[in-house]
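**Q** After the structure tokens below, expect a handful of questions from me.
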Amino acid sequence: MTRHFLIAILATLLLASCSPSAKEKATVIDKLEAELKESSQKNIADTAKVKVLLSDYSAYIKSFPTDSLTPIYLMKSAKFYDLILLRDSAIYCYNEVYTKFPGYPKAHLALFSEAFIYANEKHDLAKAETLYKEYMTKFPKTKLAASAALELHNLGKTPDQIMAEMDSLRQLRKDSTMAKH
């Protein structure tokens, strides 16, 4: 029995020494991000590299779920998923940040972004309403609170309806100003 125990310990140590550290994985990710940024500045869309980067983010997140870089990589993943129109994956990443990293300084942005995707991309107005209300309740003093209130107010309205409402308000203000003079 002790021989099996000793073999198990040695195997664990061997596997641990073979797996790359968080720092090594982060360095690989940094390099790939830099390459993508360079391509982007040249107006080159390198979807193959984006897929590799998303895979690297995912591997890092799975390997180091409580690391300080994990919420950052989740947020970056969400943005890429949103850009390549994989909305459910973006929502998943934003939700992971908001629920698992509430102390992360951009956790509130993750909640707002999730609500925004539900409202404007998935057209799930009930879910968007719930999330915007949660945002306004939990983060009333952030810069995005006013935007959340505006999004909630305009939820389900067409651009024409929003413009008509704005024109109406402008006219009311104009009439009010003229009445005072």
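**Q** Can you spot a residue in the stretch 35-44 that is under 21 Å from ILE117 (Cβ atoms) and surrounded by fewer than 18 Cβ atoms within 10 Å (Cβ to Cβ)?
**A** Step one: of the stretch 35-44, the residues under 21 Å from ILE117 (Cβ atoms) are none.
Checked the stretch 35-44: no residue is under 21 Å from ILE117 (Cβ atoms) and surrounded by fewer than 18 Cβ atoms within 10 Å (Cβ to Cβ).
**Q** If you go through the stretch 47-60 one residue at a time, how many are within 14 Å of PRO20 (Cβ to Cβ) and either touching a strand residue (DSSP E or B) at 6+ places or on another chain (Cβ under 6 Å) or among the aliphatic types (A, V, I, L, M) (or both)?
**A** Number of matching residues: 1.
**Q** Which of the residues spanning the stretch 107-122 are within 13 Å of the chain's Cα centre (by Cα) and either of a type in the set (Asp, Glu) or at pLDDT below 95 (or both)? Write out each step before concluding.
**A** So in the stretch 107-122, the residues within 13 Å of the chain's Cα centre (by Cα) come out as 107-118.
Matches in the stretch 107-122: GLU114 only.
**Q** Looking at this structure, is PHE112 of a type in the set (Phe, Trp, Tyr), closer than 25 Å to ALA34 by Cβ and free of Cβ contacts under 8 Å to residues at least 40 places away in the same chain?
**A** no
**Q** Follow-up. Could you tell me whether any residue of the stretch 117-131 is among the β-branched types (Val, Ile, Thr), free of Cβ contacts under 8 Å to residues at least 40 places away in the same chain and surrounded by fewer than 20 Cβ atoms within 10 Å (Cβ to Cβ)?
**A** From the stretch 117-131, those among the β-branched types (Val, Ile, Thr) are 117, 130; that's our starting set.
Subsequent filtering for residues that are free of Cβ contacts under 8 Å to residues at least 40 places away in the same chain retains 117, 130.
From what's left, surrounded by fewer than 20 Cβ atoms within 10 Å (Cβ to Cβ): 130.
Within the stretch 117-131, one or more residues are among the β-branched types (Val, Ile, Thr), free of Cβ contacts under 8 Å to residues at least 40 places away in the same chain and surrounded by fewer than 20 Cβ atoms within 10 Å (Cβ to Cβ).
**Q** Considering only the stretch 46-82, state which residues are crowded, with 17+ Cβ neighbours inside 10 Å and either of a type in the set (Gly, Ala, Ser) or in contact (Cβ under 8 Å) with a residue 60 or more places away in the chain (or both).
**A** SER77, ALA78
**Q** Would you check which residues across the stretch 156-181 are assigned to a loop (DSSP other than H, G, I, E, B) and surrounded by 10 or more Cβ atoms within 10 Å (Cβ to Cβ) and list them?
**A** Residues of the stretch 156-181 assigned to a loop (DSSP other than H, G, I, E, B): 156-158, 181.
The answer is GLY156, LYS157.
**Q** What's the number of the only condition in (1) of a type outside the set (A, V, I, L, M); (2) within 23 Å of VAL28 (Cβ to Cβ); (3) modelled with pLDDT of 95 or more that SER68 fails to meet?
**A** Exception for SER68: condition (3).
**Q** Which residues, taken from the stretch 40-85, are on the phi > 0 side of the Ramachandran plot and under 16 Å from the mean Cα position of the chain (by Cα)? Steps first, answer last, please.
**A** Just the residues of the stretch 40-85 that are on the phi > 0 side of the Ramachandran plot, to begin with: 43, 85.
LEU85, the sole residue that qualifies.
**Q** When the residues of the stretch 5-34 are filtered to those that are of a type in the set (A, V, I, L, M) and at pLDDT 85 or above, which remaining residue is surrounded by the fewest Cβ atoms within 10 Å (Cβ to Cβ)?
**A** Just the residues of the stretch 5-34 that are of a type in the set (A, V, I, L, M), to begin with: 6-11, 13-16, 22, 26, 28-29, 32, 34.
With at pLDDT 85 or above added as a condition, the list becomes 22, 26, 28-29, 32, 34.
Working: ALA22: 14, ALA26: 18, VAL28: 15, ILE29: 20, LEU32: 17, ALA34: 10.
Once the filter is applied, the top-ranked residue is ALA34.
The values are calculated or read from the model by the stated rules, or taken from the named source; none is laboratory data. Everything quoted here is computed from the prediction, not taken from an experiment. Methodologically, a virtual Cβ is constructed for each residue, glycine included, from the backbone with ideal geometry; neighbour enumeration extends over all protein chains shown.
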